[in-house]
1. With the requirement that a residue be in a loop (DSSP other than H, G, I, E, B), touching a helix residue (DSSP H, G or I) at 6+ places or on another chain (Cβ under 9 Å) and closer than 21 Å to Val195 by Cβ, what does the range 107-132 give you?
2. All but one of (1) surrounded by 19 or more Cβ atoms within 10 Å (Cβ to Cβ); (2) without any contact (Cβ under 8 Å) to a residue 24 or more places away in the chain hold for Ala143; state the number of the condition that does not hold.
3. With out of contact with any Lys or Arg (no Cβ under 8 Å at 6 or more places or on another chain), over 17 Å from Tyr272 (Cα atoms) and assigned to a helix (DSSP H, G or I) as the only criterion, which of Lys70, Lys137, Lys173 stands out?
4. Among the candidates Leu322, Leu302, Leu282, Leu334, which residue alone is closer than 24 Å to Val72 by Cα, under 17 Å from the mean Cα position of the chain (by Cα), assigned by TED's automatic domain parsing to the domain that holds Lys48 and buried (at least 20 other Cβ atoms within 10 Å of the Cβ)?
5. Of all residues being part of a strand (DSSP E or B) and of a type outside the set (S, T, N, Q) in the range 30-67, which is nearest to the chain's Cα centre (by Cα)? Just the residue, please.
6. May I ask you to say which residue of Ser226, Ser243 is surrounded by fewer than 22 Cβ atoms within 10 Å (Cβ to Cβ) and more than 19 Å from the chain's Cα centre (by Cα)?
7. Write out, first by first residue and then by second, each pair whose Cβ atoms fall under 8 Å of each other, whose residues are 6+ apart or on separate chains, and whose first residue, in the range 329-344, is of a type in the set (Lys, Arg) while the second is outside any helix (DSSP H, G or I) and at pLDDT below 95.
8. Give me a count of the residues in the range 308-336 that are closer than 25 Å to Thr43 by Cα, not in a helix (DSSP H, G or I) and not basic (Lys, Arg).
Amino acid sequence: MFITVAALILSSCGGGGAKTDEVKEISGAGATFPYPLYSKMFTEYNTKTGVKVNYQSIGSGGGIKQLSAKTVDFGASDAFLKDDDIKTMGADVIHVPTCLGAVVITYNIPGNPKLKLTPETLGGIFSGSIKKWNDPKIMADNAGTSLPDKDIMVVHRSDGSGTTAIFTDYLVKVSTEFAAKVPKAGKEVNWPVGVGGKGNEGVAGQIKSTEGALGYVELAYAQQNSMPMADMKNKAGNFVTASLASIAASSNIDIPADTRIALNNSPAADAYPITSFTWILLYKEQKYNNRTMEQAKAATKLIWWMIHDGQQFNEALQYGKLGDKAVAAGEANLKSVTFDGKPVLTDDAK
């Protein structure tokens, strides 16, 4: 899937009014998780500045591969790179969070009643030990709800996905049964049970078309497609609905300078438990593969705008806005970007 916003931009050079090269486009690839938000942001950024942005919504794994291959200006991922991952990139990569999102459990059963799920029950479903909708463990948390004597068809992502990384990170933390079968969370795992769908849209499509299906998608996809969402029991023992307020509650913590932090299973009483930042990734040193200072400035200016003016679009699309600590960390990371050792994002380039 592509976002193409047609226009041209002339980027200003760092010194003395010299004539500069045209920057015809900025390219990025990666996460489907924030796709609805990025689509809106890039359209609005075009209206404001005339920048052309091509974004391929191909999943976090694909975005990281394209950034590593240096075929895009930036990658996008719902899972931060670990130290070993950064080593494979060949040079230092910075992380800039753009929003908070949630992974929700959605399903298709007759009447689509509002369901409650505990971490243990969810782990059992995705481990394959809970096979029927009227299993006693599901019924115990949904007294008075009519559930069918029907097999659960588990749907998961088939592509390398940050949404999967968030979801499996949660399951490994909260379900010993799931962790025994999938001991390591990741963008791609060997699922014990289920069928795959490509992208959030692929999973959502499988669920909507198959009675008895259950899977995980990003909150915005579930809401935009009018899909039911289960309330999840959080670490404090409360069943919580995914919402802007419950997503924000999970991030009321200190943010490390590199912004690489998992927000899953927050102890906050009102926190929805399956939440995460999503990040833009780019190389800290921008002089590579015949790139120019103007290209580096165009990319960093876009991302600076996303974490400032662009935040006005988050909540209407059901993404949490960045808190002050996350914005400050993102600013510092962008200011550390260099071209041939010289800062890219000078005051006159913002």
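1. Listed by number, the residues that qualify are Asn108, Leu115, Gly128, Ser129, Ile130, Lys131.
2. (1)
3. Just a single option satisfies the conditions, and that option is Lys137.
4. Going through Leu322, Leu302, Leu282, Leu334 in turn, the sole match is Leu282.
5. The extreme case among them is Gly30.
6. Ser226 is the lone residue from the list that is surrounded by fewer than 22 Cβ atoms within 10 Å (Cβ to Cβ) and more than 19 Å from the chain's Cα centre (by Cα).
7. From the range 329-344, the pairs are Lys335/Leu345; Lys342/Gly14.
8. Counting residues in the range 308-336 that are closer than 25 Å to Thr43 by Cα, not in a helix (DSSP H, G or I) and not basic (Lys, Arg) gives 7.
The values are calculated or read from the model by the stated rules, or taken from the named source; none is laboratory data. These numbers come from a predicted model, not from an experiment. No Cβ is skipped: glycine too gets one built from the backbone with ideal geometry, and neighbour counts run over all protein chains shown.
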